[in-house]
Amino acid sequence: MKIATRIIHAGLAPAVQGEPFLAGVTFAGVYHASGDPSTSPYTYGRYHNPTWTQFERALSELEGGVAISFASGMAAVAAVFGVTLRPGDVLVIPSDCYYTSRLLADGFFAEFGVEVRKAPTAGDGLGRLLPGAKLLWLESPANPGLDVCDIRGLVAAAHQEGALVAIDNTTPTVLGQNPLELGADFSVASDTKGLTGHSDLILGHVAVRDSQRAEKLFTWRTQTGAIPGPMEVWLAHRSLATLEMRLERQSRNAQMIAEYLAPQPQVTGLRYPGLPNDPAHQIAAQQMRYFGPIVSFVLAGQEQAESFLGACQLVIEATSFGGFRTTAERRARWSGDVIPDGFIRLSAGCEDHEDLIADLEQALASL
């Protein structure tokens, strides 16, 4: 079955006459559960919920493993760190991955006794840091700089050193790139972004193939209370069905936007993995189905970047990415990333590409 069909039907229960395609959301803190609790599939709302079950079934089908849903992407990141790392362990993490992941590593887990080693995503720096490591954390493409790494090569090197590998797959989503197929032990994502694509919920998940790791993640979620809201999960499952249509359109728009921006004299530092001359293109083409919605580029400085964003009429100034509406922001207004003041992260939506390019053209002309 083709991936576009699988996405639309993922997690749906067998057809029952008179029942909806996707069962309605279940709001429950407690359930009827007399006698031996092991005889009841649902007992208490922190342990399980039928709405989680159907969404996790869908994610499991797509990931090729067991998926566990969390309250946010960072809750998912914390769960992987939490079930893997102990005092004295070594975590290898990109110096240019998502800032809050680095913040958690350098904060709580470093204070907890974990040694944190960092190197850029591009190049072979991460591989050189692997001796003695317990966990290699990857993010490809990296957010926001869009560098990529050879996932299969780094997974093989990490496993040879006895290290586990987790990949933050938020930017491409499981449709654009499948970490478990590439050999990773953990596939992690903030489902707030492209997976659900409507900019209206906060959610995350982790997928694994090893049943013992899955059980540890379930236990972590139960004991820390990092559980998702059933309404958010139901909305996510509803939104998942359009992922292929959204990502295909977003990636095509991003490609056309990048091609438009490439010759513009005001633009420097343009990055998009789909451009044949992009430093990431060769590796990305080998491991990604779609190059994704994010384009990054640099304008002359803070004032010019803010003027550009203020002149845009269709492109919405907002943080986050992966929604069906095109957004952009001057990323350096947030701390944590080593980027120029005029660095723009643009997330292409599903509008007509000609309208988007016309909007960018008039905004650049206004500078």
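The values are calculated or read from the model by the stated rules, or taken from the named source; none is laboratory data. Owing to the predicted nature of the structure, the values given are computational and were not obtained by experimental measurement. Every residue, glycine as well, gets a Cβ built from its backbone with ideal geometry; the counts of neighbours run over all protein chains shown.
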Answer residue from region 315-351, given it is among the charged types (D, E, K, R) and in a loop (DSSP other than H, G, I, E, B) and is surrounded by the most Cβ atoms within 10 Å (Cβ to Cβ) among those: Asp337
Cross-chain or 6+ apart pairs with Cβ under 6 Å, region 18-36 first and assigned by TED's automatic domain parsing to the domain that holds Pro50, then of a type in the set (S, T, N, Q): Val25/Thr51; Thr26/Asn49; Thr26/Thr51; Tyr31/Thr43; Ala33/Ser40; Ala33/Thr43
Top-ranked residue in region 63-117 [being part of a helix (DSSP H, G or I) and touching a Gly at 6+ places or on another chain (Cβ under 6 Å); ranked as surrounded by the fewest Cβ atoms within 10 Å (Cβ to Cβ)]: Tyr99
Check on Thr224, more than 18 Å from Gly65 (Cα to Cα), crowded, with 24+ Cβ neighbours inside 10 Å and not aliphatic (A, V, I, L, M): no
Residue among Asp352, Asp337, Asp341 that alone is touching a helix residue (DSSP H, G or I) at 6+ places or on another chain (Cβ under 9 Å) and modelled with pLDDT under 95: Asp337
Pairs where the first residue, in region 51-73, is within 11 Å of Gly204 (Cα to Cα) and in the same structural domain as Val188 (by TED's automatic domain parsing) and the second is assigned to a loop (DSSP other than H, G, I, E, B) and charged (D, E, K, R), C-beta under 8 Å, 6+ apart: Ser69/Asp191; Gly73/Asp191; Gly73/Lys193
For Phe81: the one exception among (1) within 28 Å of Ala23 (Cα to Cα); (2) of a type outside the set (D, E, K, R); (3) modelled with pLDDT of 95 or more: (1)
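Matching residues to (1) of a type in the set (A, V, I, L, M); (2) modelled with pLDDT of 95 or more; (3) surrounded by fewer than 23 Cβ atoms within 10 Å (Cβ to Cβ):
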site: Ala184; (1), (2), (3): yes, yes, no
site: Ser187; (1), (2), (3): no, yes, no
site: Gly197; (1), (2), (3): no, yes, no
site: Leu243; (1), (2), (3): yes, yes, no
site: Tyr260; (1), (2), (3): no, yes, yes
Set Thr26, Thr51: member being buried (at least 16 other Cβ atoms within 10 Å of the Cβ), at pLDDT 95 or above, of a type in the set (Val, Ile, Thr) and assigned to a loop (DSSP other than H, G, I, E, B): Thr26
Flag if Pro265 is outside the structural domain of Thr171 (by TED's automatic domain parsing), under 25 Å from the mean Cα position of the chain (by Cα) and not hydrophobic (A, V, I, L, M, F, W, C): no
